[in-house]
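Encoded as structure tokens, the structure appears first; notes follow it.
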Amino acid sequence: MKEIFSDELKSLELDILQVFHDFCIKNDINYSICGGTLLGAVRHKGFIPWDDDIDVLMTVADYEKFSVLFNKEQKNSCYRFINCFNEKQYFQPFGKIVNTKTVLIENYDRNVDCMGVYIDLFPVHGLPSDTKKRDFYWKKIFKLRNFNSVLYQRNLESEGKIKHCVRNILFFLLRFIPANTFSKIIYSMAKKNDFQASTFVACSVFGYGKKEELPKSSFNSYIDITFEDRTFKAMCGYKTYLSNLYGAYMELPPVEKQVRKHNFKAYWREI
């Protein structure tokens with residue numbers, strides 16, 4: 001298979017983002033670029049120079065509307081939306097929009113056969129209004145997220161010997177259950193918090209935990225934002241979001257931290 005390198009990878013991801021954007025505009029679905037993509041748009045007007053992925057998020061209502069409609073409308077294209085409810089091998093509680101003409105191999109102990117070059121799509125759910133209940137919710141969902149990681153990651157460099165042994169045993173014992181088992185539980189748990197009734201919301205199924213917390217008003221409206229000479233959407237509360245995640249986000253990190261974080265290889269799929 002022919003390998004896909006950085007510049008071509010970014011071009012393919014940008015094409016996915018454009019298809020995604022056009023679909024959302026056509027179907028009256030709101031979204032916001034997020035994470036390093038949003039930071040790159042604000043600070044660099046495009047990709048962070050040492051970054052090579054694209055992230056977007058949606059409120060849960062828009063996420064589920066998108067989940068129902070996208071694959072139906074794109075059935076004759078090379079783009080497919082995968083998540084833990086439509087793909088048994090897929091082990092994350094958020095979705096990806098994949099270019100099916102490509103193959104992407106990540107550094108996991110379980111891989112997804114249909115995985116290709118993608119952009120990540122994260123759902124934003126409500127959070128408990130009471131502070132203590134919210135803290136308890138974060139602890140509970142992080143335990144589930146950590147447990148879910150055992151299904152696809154046998155080793156973590158950050159864990160000590162005891163945790164390493166426990167992880168390996170669990171990985172062996174759970175190897176026969178569908179990879180999407182716990183991701184579906186995590187998503188369903190997050191959905192129990194009514195978005196419309198919540199004061200604070202977050203992408204709690206993945207990400208940085210409490211740093212992801214935002215006032216629901218952050219999604220009251222959306223602005224146009226430039227990314228790689230194209231126009232996409234960002235939530236009106238993007239400055240609060242970036243400050244929560246990155247602090248003084250307009251400042252460049254130290255040179256030693258300006259490194260690519262993702263470990264995967266991409267190829268053109270042989271037809």
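The values are calculated or read from the model by the stated rules, or taken from the named source; none is laboratory data. In this text, all values refer to a predicted model and were calculated from it rather than measured experimentally. Note that each Cβ is placed from the backbone with ideal geometry, even for glycine, and that neighbours are counted across all protein chains shown.
Taking the stretch 20-34 as the range and being closer than 19 Å to Val117 by Cα and under 17 Å from the mean Cα position of the chain (by Cα) as the test, the residues that pass are Phe20, His21, Ile33, Cys34.
Can you tell me which residue is nearest to Leu252 (Cα to Cα) among those in the stretch 25-35 that are surrounded by fewer than 21 Cβ atoms within 10 Å (Cβ to Cβ) and in contact (Cβ under 8 Å) with a residue 12 or more places away in the chain? Filtering first and then ranking leaves Asn30. Can you pull out every residue in the stretch 144-169 that is surrounded by 14 or more Cβ atoms within 10 Å (Cβ to Cβ), closer than 15 Å to Tyr108 by Cβ and aliphatic (A, V, I, L, M)? Residues satisfying the conditions are Val150, Leu151.
Looking across the stretch 119-129 at every residue that is modelled with pLDDT of 95 or more and over 14 Å from the mean Cα position of the chain (by Cα), the one that is surrounded by the most Cβ atoms within 10 Å (Cβ to Cβ) is identified as Leu127. If the condition is being surrounded by 12 or more Cβ atoms within 10 Å (Cβ to Cβ) and closer than 22 Å to Ile29 by Cα, then the stretch 195-212 contributes Phe195, Ser198, Thr199, Phe200, Val201, Ala202, Cys203, Ser204, Val205, Phe206, Glu212. Once the stretch 170-194 is narrowed to residues that are among the polar types (S, T, N, Q) and within 15 Å of Gln92 (Cα to Cα), the residue that is surrounded by the most Cβ atoms within 10 Å (Cβ to Cβ) is Ser183. Cys165 fulfils the conditions (1) within 25 Å of Glu87 (Cα to Cα); (2) over 23 Å from the mean Cα position of the chain (by Cα) except for a single criterion, (1). Could you tell me which residue of the stretch 188-204 is farthest from the chain's Cα centre (by Cα), considering only residues that are of a type in the set (A, V, I, L, M, F, W, C) and within 19 Å of Asn148 (Cα to Cα)? Checked the stretch 188-204; the qualifying residue farthest from the chain's Cα centre (by Cα) is Met189. Applying the set (1) over 21 Å from the mean Cα position of the chain (by Cα); (2) closer than 27 Å to Phe5 by Cβ to Arg134 leaves exactly one unmet item: (2).
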